[in-house]
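Written below as structure tokens is the structure these notes are about.
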Amino acid sequence: MSTSFYDALEARDPAEREAALMVALPAQIAHAQASSPAYTELLAGVDAAAITSRAALATLPLTRKSNLAAAQAARRALRLGGFAAGMPRRIFQSPGPLYEPEPDVDGADPWRVARALHAAGIRAGQLAHVSFSYHLTPAGAMMEAGLRALGAASFPGGIGNTELQLQAVLDLQPEAYAGTPSFLRILLEKAADAGQPLPWLQRALVSGEACPPALVAWFAERGVAAFQCYATADLGLIAYETAARDGLVVDEGVIVEIVRPGSGEPLPEGEVGEVVVTTLSPGYPLIRFATGDLSAVLPGNCPTGRSNQRLRGWLGRADQSAKVRGMFVHAGQVADIVKRHPEVRRARLVVSGELAQDHVVLQVEMCEPTPTGLVESLMQTARDVTKLRILIDLLPPGSLPNDGKLIEDRR
């Protein structure tokens, strides 16, 4: 098992790390109050100098994606709803729409992804095929910045164009891959069907969707050691997998809490709750950002010698949303689809499938009679709202329960 660290921070004494984080925390809160108009309001009356412990941090309000989206919609005169501190280098878009900045920070890795790439075994001088989107969303840029900081090169494949991407893999022979596990599987299957082995492709950092152990084993059987990282467009890297395959180690540039869903109350180690993250990034200083993801802190240190907290991994959602093919779909988007079609009484998005092959169906309970062409119209609306191709299942009145549930994840 490799114990090679990206830097000395990973093996710090936990008490030394905690002390350093608690020194940085009040300075970050003061910076947010002074530089982010949104936090000037949200943290009004807070004495930043007094926030020097996790208990003190837990007294501050949570910030949710819904808060960001609402602020951006209501306060367009303030860039990014007033949450950004200064002018970002670039601004990206996620479904919603929700806009996120590339943090304007010193160094070449604003989202801190190089640490996860290194833990996955990717090294300087190697080439990585990046299949995350480079259009609108930041995932491709996140990986490319991390690779550059690591001293590795990237091929910006983006999404789609499978045949062209496979040809690039065959021509360029990259040692590594960074993208969704589902597209990596597609590439490996296409290569096998063409009788073209890919022996040079040996490492992968995957994210954006679930990669269960069965799929990790499937990759390993084909010579690819795939490692997962937990990152978001808002926060950058949160945690990453190591050679130990024993949880996800928390990144050095964030403070992670596990709180009781629906509240900001911290839970003890081992309890499953919502992941809440405070970043130390000066350009986008999110304070107690509630991710909506469920996880728990594992006891003890990583067997590789990394000494930071470990998360059990992604254990579900604390709210009504689902990650589909690397994109979040929210209950509000399902409601938006229904709103655009008054002939629809109720709707429920059902996500099923396994081994990164998501099957997405919008179950629609209809009023009578059903207009001609409704299925095609609903599919187009669903694509416009979610940026995903979604199948439609028309149901008679009374088929869906009246329980307010808009998203059902059966994976």
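Quick note: the coordinates plus some simple rules give every number you see, no bench work behind them. Being a predicted model, the structure only gives us computed values, none of them experimental. For neighbour counting, all protein chains shown are included, and Cβ atoms are generated from backbone atoms with ideal geometry for every residue, glycine included.
Can you sort Trp111, Trp314 from fewest to most other Cβ atoms within 10 Å of each residue's own Cβ?
By the 10 Å Cβ count, ascending, the order reads Trp314, Trp111.
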Binned Cα-Cα distances of segment 323-409, short to long, each 5 Å bin given as a whole percent: 3, 14, 29, 27, 17, 8, 2, 0
Of Ala290, Ala168, Ala152, the one that fluctuates the most in a GNM where the chain has Cα springs shorter than 10 Å: Ala168
Debye, to nearest 20: dipole size of the chain, +1 on Lys, Arg Cβ, -1 on Asp, Glu Cβ: 420 debye
For the chain: relative contact order, % (alpha-carbon pairs under 8 angstrom, 6 or more apart): 14 percent
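Starting with the fewest neighbours, write out Ser182, Ser53, Ser207, Ser35 ranked by other beta-carbon atoms found within 10 Å of each beta-carbon.
Details: Ser182 21, Ser53 12, Ser207 25, Ser35 15.
Listed from fewest to most nearby Cβ atoms, that is Ser53, Ser35, Ser182, Ser207.
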Coordinate range along principal axes, alpha carbons of segment 129-238, Å, largest first: 40, 29, 25
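Quick check on the chain: of the DSSP beta bridges with both residues there, what percent are antiparallel, nearest 5%?
Working: 41 of 66 bridges.
Among the beta bridges of the chain, antiparallel pairing accounts for roughly 60 percent.
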Proximal charge balance of Pro342 [Cβ under 15 Å; K/R count +1, D/E count -1]: 0
In segment 342-381, GluC sites (Glu not before Pro) in a DSSP loop with at most 16 other beta-carbon atoms within 10 Å: Glu343
Ascending count of other beta-carbon atoms within 10 Å, so fewest first, for Val275, Val351: Val351, Val275
Loop sites in segment 1-91: chymotrypsin sites (Phe, Trp or Tyr not before Pro), DSSP, at most 14 other Cβ within 10 Å: none
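Can you give the convex hull volume of the alpha carbon atoms of segment 1-116 per residue, in Å³? Mind dumping the intermediate values first?
Values: hull volume 17.4 nm³, N = 116.
It comes to 150 Å³ per residue, whole-number rounded.
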Part-to-part distance (alpha-carbon centres) for segment 137-176 and segment 35-84, which is given in Å: 35 Å
Using distinct alpha-carbon pairs, which all enter the 1/r mean, Kirkwood radius of the chain in Å: 22.4 Å
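Length gain on complete extension for the stretch Leu374 to Glu18, per 0.36 nm per residue less the alpha carbon to alpha carbon distance? Show your work: numbers first, answer last.
On the way: separation 356, 0.36 × 356 = 128.16 nm, distance 5.66 nm.
Extra length from Leu374 to Glu18 when fully extended: 122.5 nm.
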Residue-span extension gain [Ser352 to Ala49] - 0.36 nm each, minus C-alpha spacing: 104.3 nm
Gaussian network model of the chain, springs between alpha carbon atoms under 10 Å - residue of Leu311, Leu286, Leu298 with greatest fluctuation: Leu298
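Considering only the other residues whose Cβ falls under 13 Å of the Cβ of Ala119, what net charge follows from Lys and Arg at +1 and Asp and Glu at -1? Spell out each step's value before the answer.
Numbers: positive: Arg112, Arg115, Arg123, Arg203, Arg245, Arg306, Arg310; negative: Asp7, Glu10, Glu241, Asp246, Asp251, Glu252.
Within the 13 Å Cβ shell, the charges total +1.
First select every other residue whose beta carbon is under 14 angstrom from the beta carbon of Pro95; then total the charges, Lys and Arg +1, Asp and Glu -1.
Working: positive: Lys65, Lys323, Arg325, Arg383, Lys387, Arg389; negative: Glu100, Asp234, Asp336, Asp384.
Neighbour charge sum, excluding Pro95 itself: +2.
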Spatial separation of Cα centroids for segment 218-288 and segment 334-411, in angstrom: 31 Å
